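Input: a single structure, listed below in structure tokens.
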Amino acid sequence: MSEKGRLPPGQVLTQRFPVLHYGPVPRYESLEDWDLRIFGAVKEEVRFTYEQLTQMPTTRIVADIHCVTRWSKFDTVWEGVRFRDLMAYVEPLPGAEYVMIHAEYGFTTNLPLSRLLANNVLLAWKYDDKPLTPEHGWPLRLVVPDLYFWKSAKWVRGIEFMFEDRPGFWEQAGYHNEGDPWKEQRYAE
Ligand SMILES: Nc1nc2c(c(=O)[nH]1)N[C@H]1C(S)=C(S)[C@@H](COP(=O)(O)O)O[C@H]1N2
Ligand SMILES: [Mo]
């Protein structure tokens with residue numbers, strides 16, 4: 001694809017990898033107390049240790065990413081477990097079609113479950129074939145290349161299933177609920 005056709009409207013290509021988030025960067029001395037909690041509208045709440053998670057079948061993707069502040073980066077390389085592969089261990093209740101991702105320090109972002117089941121959606125622990133740096137989300141971040149990058153929460157600790165949609169952190173602050181870069185869904189109308 002031509003470079004132009006790859007760049008969503010209003011975006012500018014960068015070679016750098018900007019660091020962008022609200023609040024401090026969590027630092028972990030050990031991952032012994034770390035867990036990923038799956039809760040809400042599920043048949044049974046589940047908790048994964050870091051070891052359990054990283055022993056699941058892994059997937060490596062190459063994807064373009066797009067931040068709502070207008071930078072895009074092509075061919076970023078991520079590795080982790082596909083969200084849909086994690087779903088093998090989770091049983092959402094019928095009608096639980098929305099998800100809230102919970103990260104350290106109370107950051108949240110909401111997505112429809114259907115978006116998270118795409119083949120290119122990962123819970124990642126590697127970037128560029130190296131462990132994630134703390135700034136980019138170590139030990140675990142969501143990667144949803146098809147939506148503006150604020151949906152790709154860093155420092156993920158919880159996945160909440162919901163019967164009804166609810167806005168997350170930036171979504172409450174006026175960002176668009178869906179955030180499709182090809183439709184320029186930057187801010188709520
Ligand atoms: N926990 C958390 N995750 C977050 C954010 C945040 O504020 N907190 N900001 C988002 C935004 S707006 C962007 S553009 C990306 C940036 O990821 P990067 O710093 O790895 O480039 O992280 C997203 N994930
Ligand atoms: Mo962003």
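Cβ-Cβ contacts under 9 Å between residues 6 or more apart (or on different chains), taken from a first residue in the stretch 123-136 that is without any contact (Cβ under 8 Å) to a residue 24 or more places away in the chain to a second residue that is part of a strand (DSSP E or B) and of a type in the set (A, V, I, L, M), are listed as L132/A124. When W150, W125 are checked against the criterion of being more than 17 Å from D35 (Cα to Cα), modelled with pLDDT of 95 or more and outside any loop (DSSP other than H, G, I, E, B), a single residue qualifies: W150.
Scanning the stretch 21-53 for residues that are surrounded by fewer than 14 Cβ atoms within 10 Å (Cβ to Cβ), assigned to a loop (DSSP other than H, G, I, E, B) and out of contact with any Lys or Arg (no Cβ under 9 Å at 6 or more places or on another chain) yields Y22, G23, P24, R27, E29, S30, E32, D33, K43, E44. Looking across the stretch 88-107 at every residue that is among the aliphatic types (A, V, I, L, M) and over 15 Å from the mean Cα position of the chain (by Cα), the one that is nearest to E171 (Cα to Cα) is identified as A96. Consider W71 carefully, then state whether it is within 10 Å of ligand 1 (Cβ to nearest atom) and either more than 17 Å from the chain's Cα centre (by Cα) or surrounded by fewer than 12 Cβ atoms within 10 Å (Cβ to Cβ) (or both). Criteria met by W71. For the stretch 54-69, the tally of residues that are touching a Phe, Trp or Tyr at 6+ places or on another chain (Cβ under 6 Å) and more than 19 Å from N119 (Cα to Cα) stands at 2. Does W71 satisfy the condition of being among the hydrophobic types (A, V, I, L, M, F, W, C), in contact (Cβ under 8 Å) with a residue 40 or more places away in the chain and either under 20 Å from R186 (Cα atoms) or within 16 Å of ligand 2 (Cβ to nearest atom) (or both)? In short, yes.
When I65 is tested against (1) in a strand (DSSP E or B); (2) farther than 30 Å from E184 by Cβ, exactly one condition is not met: (2).
Scanning the stretch 139-181 for residues that are among the hydroxyl-bearing types (S, T, Y), more than 8 Å from ligand 1 (Cβ to nearest atom) and under 10 Å from the mean Cα position of the chain (by Cα) gives no hits. None of E51, E32, E45, E79 is at pLDDT 95 or above, touching a Phe, Trp or Tyr at 6+ places or on another chain (Cβ under 6 Å) and more than 18 Å from L147 (Cβ to Cβ) except E45. Checked against the criterion of being away from ligand 2 (no atom under 16 Å from the Cβ), buried (at least 17 other Cβ atoms within 10 Å of the Cβ), in contact (Cβ under 8 Å) with a residue 24 or more places away in the chain and not in a strand (DSSP E or B), the candidates P145, P139 yield just one match: P139.
G10 meets all of the listed conditions (1) assigned to a strand (DSSP E or B); (2) in contact (Cβ under 8 Å) with a residue 60 or more places away in the chain; (3) more than 13 Å from ligand 1 (Cβ to nearest atom) but one, namely (1).
The values are calculated or read from the model by the stated rules, or taken from the named source; none is laboratory data. Model, not experiment: these values are computed from the prediction. Glycine also receives a Cβ, built like all others from the backbone with ideal geometry; neighbour counts cover every protein chain displayed.
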